[in-house]
1. With segment 1-103 as the region, which helices (runs of 4 or more DSSP H) entirely inside it contain at least 2 residues that are within 30 Å of residue 232 (Cα to Cα) and under 25 Å from the mean Cα position of the chain (by Cα)?
2. Kindly list the number of the only condition in (1) more than 10 Å from the ligand (Cβ to nearest atom); (2) surrounded by 14 or more Cβ atoms within 10 Å (Cβ to Cβ); (3) in a helix (DSSP H, G or I) that fails for residue 140.
3. Under the condition of being touching a residue at least 40 places away in the same chain (Cβ under 8 Å) and either near the ligand (Cβ under 9 Å from one of its atoms) or more than 18 Å from the chain's Cα centre (by Cα) (or both), which residue from segment 166-177 is farthest from residue 42 (Cα to Cα)?
4. Between 39, 27, which is without any contact (Cβ under 8 Å) to a residue 60 or more places away in the chain and either within 20 Å of residue 194 (Cα to Cα) or within 16 Å of the ligand (Cβ to nearest atom) (or both)?
5. Scan segment 118-133 and give yes if some residue there is within 15 Å of the ligand (Cβ to nearest atom), touching a residue at least 12 places away in the same chain (Cβ under 8 Å), on the phi > 0 side of the Ramachandran plot and under 22 Å from the mean Cα position of the chain (by Cα), otherwise no.
6. Just to be sure, is residue 189 part of a helix (DSSP H, G or I), under 21 Å from residue 15 (Cα atoms) and within 13 Å of the ligand (Cβ to nearest atom)?
7. What are the residues in segment 148-165 that are more than 20 Å from residue 220 (Cα to Cα) and within 11 Å of the ligand (Cβ to nearest atom), if any?
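The values are calculated or read from the model by the stated rules, or taken from the named source; none is laboratory data. The shown structure was predicted, so the numbers you read here are calculated from the model rather than taken from an experiment. Positions of Cβ are backbone-derived with ideal geometry, glycine not excepted, and every protein chain shown enters the neighbour counts.
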Ligand code: HEM
(Lines give C-alpha, C1' and ligand atoms only; values in the text may rest on other atoms or scores of the structure.)
Protein backbone atom coordinates (compact mmCIF):
# COMPACT_ATOMS: atom_id res chain seq x y z
CA UNK A 1 0.00 0.00 0.00
CA UNK A 2 3.07 2.23 -0.17
CA UNK A 3 2.07 3.21 -3.72
CA UNK A 4 -1.35 4.44 -2.54
CA UNK A 5 0.07 6.46 0.34
CA UNK A 6 2.58 8.05 -2.08
CA UNK A 7 -0.30 8.83 -4.48
CA UNK A 8 -2.19 10.56 -1.65
CA UNK A 9 0.63 13.14 -1.29
CA UNK A 10 0.76 16.20 -3.57
CA UNK A 11 4.17 15.17 -4.93
CA UNK A 12 2.86 11.64 -5.66
CA UNK A 13 0.05 13.11 -7.73
CA UNK A 14 2.43 15.46 -9.54
CA UNK A 15 4.62 12.49 -10.48
CA UNK A 16 1.57 10.65 -11.91
CA UNK A 17 0.55 13.75 -13.92
CA UNK A 18 4.14 14.16 -15.16
CA UNK A 19 4.70 10.51 -16.12
CA UNK A 20 1.34 10.14 -17.91
CA UNK A 21 1.98 13.52 -19.58
CA UNK A 22 5.33 12.27 -20.91
CA UNK A 23 3.71 9.08 -22.31
CA UNK A 24 1.03 11.18 -24.06
CA UNK A 25 3.71 13.55 -25.36
CA UNK A 26 5.65 10.59 -26.83
CA UNK A 27 2.43 9.41 -28.51
CA UNK A 28 2.01 12.88 -30.03
CA UNK A 29 5.54 12.82 -31.45
CA UNK A 30 4.94 9.39 -33.03
CA UNK A 31 1.50 10.42 -34.32
CA UNK A 32 2.90 13.60 -35.86
CA UNK A 33 5.77 11.68 -37.49
CA UNK A 34 3.22 9.22 -38.91
CA UNK A 35 1.00 12.04 -40.20
CA UNK A 36 3.93 13.64 -42.03
CA UNK A 37 3.97 10.59 -44.30
CA UNK A 38 1.11 12.26 -46.23
CA UNK A 39 3.82 14.34 -47.90
CA UNK A 40 5.17 11.11 -49.43
CA UNK A 41 1.76 10.43 -51.03
CA UNK A 42 -1.40 8.36 -50.49
CA UNK A 43 0.37 5.02 -51.00
CA UNK A 44 2.86 5.69 -48.22
CA UNK A 45 0.43 6.94 -45.53
CA UNK A 46 -2.16 4.27 -46.30
CA UNK A 47 0.54 1.59 -46.21
CA UNK A 48 1.67 2.99 -42.85
CA UNK A 49 -1.91 2.77 -41.46
CA UNK A 50 -2.01 -0.86 -42.59
CA UNK A 51 1.38 -1.50 -41.01
CA UNK A 52 0.07 -0.20 -37.64
CA UNK A 53 -2.56 -2.96 -37.79
CA UNK A 54 -0.25 -5.78 -38.81
CA UNK A 55 2.68 -5.23 -36.38
CA UNK A 56 3.29 -8.62 -34.68
CA UNK A 57 0.05 -9.95 -36.17
CA UNK A 58 1.03 -13.63 -35.76
CA UNK A 59 1.26 -13.10 -31.97
CA UNK A 60 -1.37 -10.46 -31.18
CA UNK A 61 -3.70 -10.78 -34.17
CA UNK A 62 -5.01 -8.03 -36.48
CA UNK A 63 -4.57 -4.59 -34.83
CA UNK A 64 -3.59 -6.33 -31.55
CA UNK A 65 -0.62 -4.00 -30.90
CA UNK A 66 -2.82 -1.04 -31.85
CA UNK A 67 -5.40 -2.11 -29.24
CA UNK A 68 -2.71 -2.49 -26.56
CA UNK A 69 -1.47 1.02 -27.43
CA UNK A 70 -5.04 2.37 -27.27
CA UNK A 71 -5.51 0.77 -23.82
CA UNK A 72 -2.25 2.28 -22.51
CA UNK A 73 -3.21 5.71 -23.89
CA UNK A 74 -6.69 5.52 -22.36
CA UNK A 75 -5.27 4.61 -18.93
CA UNK A 76 -2.81 7.54 -19.21
CA UNK A 77 -5.51 10.03 -20.29
CA UNK A 78 -7.85 8.98 -17.44
CA UNK A 79 -5.06 8.94 -14.82
CA UNK A 80 -3.76 12.32 -16.06
CA UNK A 81 -7.17 14.05 -15.87
CA UNK A 82 -8.42 12.44 -12.62
CA UNK A 83 -5.12 13.22 -10.88
CA UNK A 84 -5.14 16.84 -12.06
CA UNK A 85 -8.63 17.24 -10.55
CA UNK A 86 -7.54 15.61 -7.26
CA UNK A 87 -4.48 17.87 -7.17
CA UNK A 88 -6.57 21.01 -7.69
CA UNK A 89 -8.90 19.91 -4.86
CA UNK A 90 -5.98 19.13 -2.57
CA UNK A 91 -4.33 22.51 -3.31
CA UNK A 92 -7.57 24.40 -2.65
CA UNK A 93 -7.96 22.67 0.71
CA UNK A 94 -4.35 23.43 1.67
CA UNK A 95 -4.47 27.11 0.63
CA UNK A 96 -5.84 29.66 3.10
CA UNK A 97 -8.63 31.97 1.83
CA UNK A 98 -6.52 35.16 2.12
CA UNK A 99 -3.66 33.76 0.03
CA UNK A 100 -6.12 32.72 -2.66
CA UNK A 101 -7.44 36.26 -3.13
CA UNK A 102 -4.06 38.02 -3.27
CA UNK A 103 -2.33 35.65 -5.66
CA UNK A 104 -4.52 35.60 -8.74
CA UNK A 105 -1.40 36.15 -10.81
CA UNK A 106 0.93 34.43 -13.28
CA UNK A 107 0.65 30.94 -11.75
CA UNK A 108 -3.16 31.15 -11.60
CA UNK A 109 -3.37 32.33 -15.20
CA UNK A 110 -1.08 29.47 -16.30
CA UNK A 111 -3.20 26.95 -14.34
CA UNK A 112 -6.42 28.25 -15.92
CA UNK A 113 -4.79 28.13 -19.36
CA UNK A 114 -3.84 24.50 -18.69
CA UNK A 115 -7.40 23.60 -17.65
CA UNK A 116 -9.00 25.40 -20.61
CA UNK A 117 -6.55 23.97 -23.20
CA UNK A 118 -6.85 20.52 -21.56
CA UNK A 119 -10.65 20.63 -21.93
CA UNK A 120 -10.33 21.65 -25.61
CA UNK A 121 -7.89 18.78 -26.25
CA UNK A 122 -10.17 16.24 -24.55
CA UNK A 123 -13.22 17.26 -26.58
CA UNK A 124 -11.07 17.30 -29.72
CA UNK A 125 -9.74 13.75 -29.18
CA UNK A 126 -13.26 12.32 -28.82
CA UNK A 127 -14.52 14.10 -31.97
CA UNK A 128 -11.27 13.29 -33.83
CA UNK A 129 -11.62 9.53 -33.22
CA UNK A 130 -15.31 9.67 -34.20
CA UNK A 131 -14.25 11.47 -37.37
CA UNK A 132 -11.18 9.65 -38.71
CA UNK A 133 -11.18 6.27 -36.93
CA UNK A 134 -14.84 5.24 -36.73
CA UNK A 135 -16.30 7.60 -39.37
CA UNK A 136 -19.32 8.42 -37.15
CA UNK A 137 -18.88 12.19 -37.63
CA UNK A 138 -18.59 13.13 -41.25
CA UNK A 139 -18.19 16.79 -42.11
CA UNK A 140 -16.82 15.19 -45.31
CA UNK A 141 -17.38 11.60 -46.53
CA UNK A 142 -15.17 9.07 -44.72
CA UNK A 143 -14.19 6.08 -46.86
CA UNK A 144 -13.14 2.63 -45.69
CA UNK A 145 -11.33 -0.18 -47.51
CA UNK A 146 -11.20 -3.87 -46.74
CA UNK A 147 -7.82 -5.39 -45.91
CA UNK A 148 -7.52 -9.12 -45.08
CA UNK A 149 -11.25 -9.19 -44.29
CA UNK A 150 -10.96 -6.18 -41.93
CA UNK A 151 -12.29 -2.70 -42.50
CA UNK A 152 -9.93 0.28 -42.18
CA UNK A 153 -10.10 3.95 -43.12
CA UNK A 154 -8.52 5.29 -46.32
CA UNK A 155 -6.30 7.82 -44.60
CA UNK A 156 -5.08 10.12 -47.42
CA UNK A 157 -8.47 10.33 -49.13
CA UNK A 158 -10.25 11.06 -45.81
CA UNK A 159 -7.73 13.72 -44.77
CA UNK A 160 -8.01 15.40 -48.16
CA UNK A 161 -11.82 15.40 -48.04
CA UNK A 162 -11.93 16.79 -44.48
CA UNK A 163 -9.28 19.49 -44.79
CA UNK A 164 -10.51 20.75 -48.15
CA UNK A 165 -13.20 22.36 -45.98
CA UNK A 166 -11.63 25.53 -44.62
CA UNK A 167 -13.41 25.42 -41.26
CA UNK A 168 -12.33 21.85 -40.49
CA UNK A 169 -8.69 22.80 -41.24
CA UNK A 170 -9.06 25.99 -39.15
CA UNK A 171 -10.49 24.09 -36.15
CA UNK A 172 -7.63 21.59 -36.32
CA UNK A 173 -5.00 24.35 -36.46
CA UNK A 174 -6.67 26.14 -33.52
CA UNK A 175 -6.64 22.92 -31.45
CA UNK A 176 -2.99 22.32 -32.36
CA UNK A 177 -2.22 25.80 -30.94
CA UNK A 178 -4.01 24.79 -27.69
CA UNK A 179 -1.87 21.65 -27.58
CA UNK A 180 1.25 23.77 -28.09
CA UNK A 181 0.32 25.99 -25.11
CA UNK A 182 -0.61 22.97 -22.98
CA UNK A 183 2.69 21.24 -23.71
CA UNK A 184 4.76 24.35 -23.10
CA UNK A 185 3.30 24.92 -19.64
CA UNK A 186 3.16 21.18 -18.94
CA UNK A 187 6.86 20.94 -19.74
CA UNK A 188 7.56 23.64 -17.16
CA UNK A 189 5.52 21.95 -14.45
CA UNK A 190 7.31 18.68 -15.27
CA UNK A 191 10.73 20.28 -14.69
CA UNK A 192 9.51 21.79 -11.42
CA UNK A 193 8.15 18.41 -10.30
CA UNK A 194 11.59 16.92 -10.91
CA UNK A 195 13.13 19.89 -9.08
CA UNK A 196 15.29 20.67 -12.12
CA UNK A 197 14.35 24.31 -12.58
CA UNK A 198 16.82 26.95 -11.39
CA UNK A 199 17.95 30.43 -12.41
CA UNK A 200 20.96 29.23 -14.45
CA UNK A 201 19.14 26.59 -16.45
CA UNK A 202 15.69 28.14 -16.89
CA UNK A 203 16.52 30.09 -20.07
CA UNK A 204 17.75 26.95 -21.81
CA UNK A 205 14.74 24.96 -20.60
CA UNK A 206 12.37 27.66 -21.84
CA UNK A 207 13.93 27.57 -25.31
CA UNK A 208 13.71 23.75 -25.42
CA UNK A 209 10.09 23.76 -24.22
CA UNK A 210 9.23 26.24 -26.97
CA UNK A 211 11.10 24.35 -29.68
CA UNK A 212 9.40 21.05 -28.81
CA UNK A 213 5.87 22.39 -28.43
CA UNK A 214 6.12 24.76 -31.41
CA UNK A 215 7.72 21.98 -33.49
CA UNK A 216 4.70 19.76 -32.77
CA UNK A 217 2.36 22.63 -33.66
CA UNK A 218 4.08 23.18 -37.02
CA UNK A 219 4.32 19.44 -37.79
CA UNK A 220 0.66 18.71 -37.00
CA UNK A 221 -0.74 21.91 -38.53
CA UNK A 222 1.19 21.46 -41.77
CA UNK A 223 -1.20 18.62 -42.75
CA UNK A 224 -4.54 20.51 -42.57
CA UNK A 225 -2.82 23.66 -43.88
CA UNK A 226 -1.34 21.95 -46.95
CA UNK A 227 -4.57 20.13 -47.85
CA UNK A 228 -6.59 23.31 -47.38
CA UNK A 229 -4.29 25.40 -49.56
CA UNK A 230 -3.98 22.65 -52.20
CA UNK A 231 -0.22 22.20 -51.64
CA UNK A 232 -1.11 18.56 -50.98
CA UNK A 233 -3.06 17.38 -54.03
CA UNK A 234 -6.28 15.38 -54.27
CA UNK A 235 -5.61 11.61 -54.38
CA UNK A 236 -6.37 11.34 -58.12
CA UNK A 237 -4.16 14.37 -58.96
CA UNK A 238 -1.42 12.81 -56.93
CA UNK A 239 -1.63 9.60 -58.95
CA UNK A 240 -1.41 11.71 -62.14
CA UNK A 241 1.67 13.59 -60.81
CA UNK A 242 3.44 10.34 -60.01
CA UNK A 243 2.72 8.77 -63.40
CA UNK A 244 3.94 11.97 -65.13
CA UNK A 245 7.32 11.73 -63.41
CA UNK A 246 7.84 8.13 -64.64
C1 LIG B 1 -3.55 17.87 -37.69
C2 LIG B 1 -3.47 17.00 -36.74
C3 LIG B 1 -3.91 15.56 -36.81
C4 LIG B 1 -4.25 14.80 -37.90
C5 LIG B 1 -4.22 15.19 -39.36
C6 LIG B 1 -4.59 13.49 -37.40
C7 LIG B 1 -4.97 12.42 -38.17
C8 LIG B 1 -5.41 11.20 -37.71
C9 LIG B 1 -5.91 10.11 -38.51
C10 LIG B 1 -6.02 10.14 -40.02
C11 LIG B 1 -6.24 9.09 -37.69
C12 LIG B 1 -6.77 7.70 -38.10
C13 LIG B 1 -5.60 6.84 -38.42
C14 LIG B 1 -5.95 5.43 -38.77
O15 LIG B 1 -7.12 5.07 -38.75
O16 LIG B 1 -5.00 4.69 -39.06
C17 LIG B 1 -5.97 9.53 -36.34
C18 LIG B 1 -6.19 8.78 -35.21
C19 LIG B 1 -6.01 9.24 -33.94
N20 LIG B 1 -5.51 10.45 -33.56
FE21 LIG B 1 -4.99 11.96 -34.78
N22 LIG B 1 -4.46 13.49 -36.04
C23 LIG B 1 -4.07 14.73 -35.63
C24 LIG B 1 -3.85 15.17 -34.35
C25 LIG B 1 -4.08 14.42 -33.23
C26 LIG B 1 -3.85 14.89 -31.89
C27 LIG B 1 -3.32 16.26 -31.52
C28 LIG B 1 -4.20 13.86 -31.05
C29 LIG B 1 -4.18 13.81 -29.57
C30 LIG B 1 -4.24 14.84 -28.76
C31 LIG B 1 -4.64 12.77 -31.87
C32 LIG B 1 -5.08 11.56 -31.40
C33 LIG B 1 -5.48 10.51 -32.19
C34 LIG B 1 -5.98 9.25 -31.65
C35 LIG B 1 -6.10 8.89 -30.18
C36 LIG B 1 -6.31 8.47 -32.75
C37 LIG B 1 -6.95 7.07 -32.74
C38 LIG B 1 -5.92 6.04 -32.94
C39 LIG B 1 -6.65 4.71 -33.02
O40 LIG B 1 -7.26 4.34 -32.04
O41 LIG B 1 -6.62 4.10 -34.07
N42 LIG B 1 -4.54 13.14 -33.19
N43 LIG B 1 -5.46 10.81 -36.39
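1. Correct list: 10-35, 42-54, 64-94.
2. Answer for residue 140: the failing condition is (3).
3. 175
4. Details: 39 fails: without any contact (Cβ under 8 Å) to a residue 60 or more places away in the chain.
One residue alone meets the criteria, 27.
5. Pass one, segment 118-133, residues within 15 Å of the ligand (Cβ to nearest atom): 118-133.
With touching a residue at least 12 places away in the same chain (Cβ under 8 Å) added as a condition, the list becomes 118, 120-122, 124-125, 131-133.
From the residues that got through so far, the ones that are on the phi > 0 side of the Ramachandran plot too are none.
The answer is no; no qualifying residue exists.
6. Numbers: part of a helix (DSSP H, G or I): yes; under 21 Å from residue 15 (Cα atoms): yes; within 13 Å of the ligand (Cβ to nearest atom): no.
When the stated conditions are applied, residue 189 does not pass them.
7. First, pick out the residues of segment 148-165 that are more than 20 Å from residue 220 (Cα to Cα): 148-152.
Correct list: 151, 152.
So that you can scan it fast, the table gives a plain yes or no per residue for (1) modelled with pLDDT of 90 or more; (2) in contact with a helix residue (DSSP H, G or I) (Cβ under 7 Å, 6 or more places away or on another chain); (3) surrounded by 11 or more Cβ atoms within 10 Å (Cβ to Cβ); (4) within 23 Å of residue 230 (Cα to Cα):
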site	(1), (2), (3), (4)
101	no, no, no, no
110	no, yes, yes, no
129	yes, no, yes, no
133	yes, no, yes, no
145	yes, no, yes, no
152	yes, yes, yes, no
158	yes, yes, yes, yes
161	yes, no, yes, yes
166	yes, yes, yes, yes
